[in-house]
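The structure under discussion appears below in the form of structure tokens.
The values are calculated or read from the model by the stated rules, or taken from the named source; none is laboratory data. What you see is a predicted model; the values in this text were computed from it and never measured. Using ideal geometry, Cβ is built from the backbone for each residue, glycine included, and neighbour counts are taken over all protein chains shown.
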Amino acid sequence: MKIIEQIKPRQIISQNTNGDYATTIKPDCKLPRSMNPTGYNDKYVEVTDCSRVTVKFKIDLESRSWGIKGAMISVIPDDISMDLIITNSYQDRDDEEFSKVLRFDPSKIPVELEAGEIITLSQMDLVLNDDFSIDYEASRIKGYSLVSK
């Protein structure tokens with residue numbers, strides 16, 4: 001595996017020998033409103049930490065005789081395990097903290113790309129269901145490409 005480009009501090013893209021790329025992202029995990037309804041002050045649930053995950057992707061180049069017209073990113077199906085730390089906060093007693101392992105396939109999450117001068121995946125917003133599974137429709141992977149999608 002060789003390092004091909006440094007995007008941000010601590011975010012490095014690497015290329016495998018088969019032409020696939022990978023980047024490590026720390027997701028932003030959000031809980032549904034139903035777990036913390038407005039006006040419900042007895043208990044508050046939040047994800048206080050989650051582990052970094054490595055997302056594999058392909059870069060598809062659209063070329064013309066004069067050069068590269070555009071590049072698009074497609075996420076490769078994978079089985080990812082991520083550690084969550086969840087905190088239950090109460091008004092009348094001490095907070096409770098517990099951990100949970102979340103398994104998901106990043107290729108099922110919609111990808112939103114902005115036009116840019118680099119080609120990478122940069123952010124993952126995960127929305128969780130009440131049972132701490134991924135809400136694939138509400139979650140997003142964001143990145144940059146030569147053309148927006």
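Considering the conditions (1) touching a helix residue (DSSP H, G or I) at 6+ places or on another chain (Cβ under 8 Å); (2) within 20 Å of residue 22 (Cα to Cα), residue 130 is excluded by exactly one of them, (2).
Here residue 61 clears all of (1) among the hydrophobic types (A, V, I, L, M, F, W, C); (2) touching a residue at least 24 places away in the same chain (Cβ under 8 Å); (3) exposed (fewer than 15 other Cβ atoms within 10 Å of the Cβ) except the condition numbered (2).
Within the stretch 42-77, being assigned to a strand (DSSP E or B) and either among the basic types (Lys, Arg) or in contact with a Lys or Arg (Cβ under 6 Å, 6 or more places away or on another chain) (or both) holds for 43, 56, 58, 62, 64, 69, 74.
Quick check: anything in the stretch 106-125 in contact (Cβ under 8 Å) with a residue 12 or more places away in the chain and on the phi > 0 side of the Ramachandran plot? Looking for residues that are in contact (Cβ under 8 Å) with a residue 12 or more places away in the chain and on the phi > 0 side of the Ramachandran plot, one finds none in the stretch 106-125, hence no. Restricting the stretch 78-104 to residues that are modelled with pLDDT under 90 and not in a strand (DSSP E or B), the residue that is surrounded by the fewest Cβ atoms within 10 Å (Cβ to Cβ) is 92.
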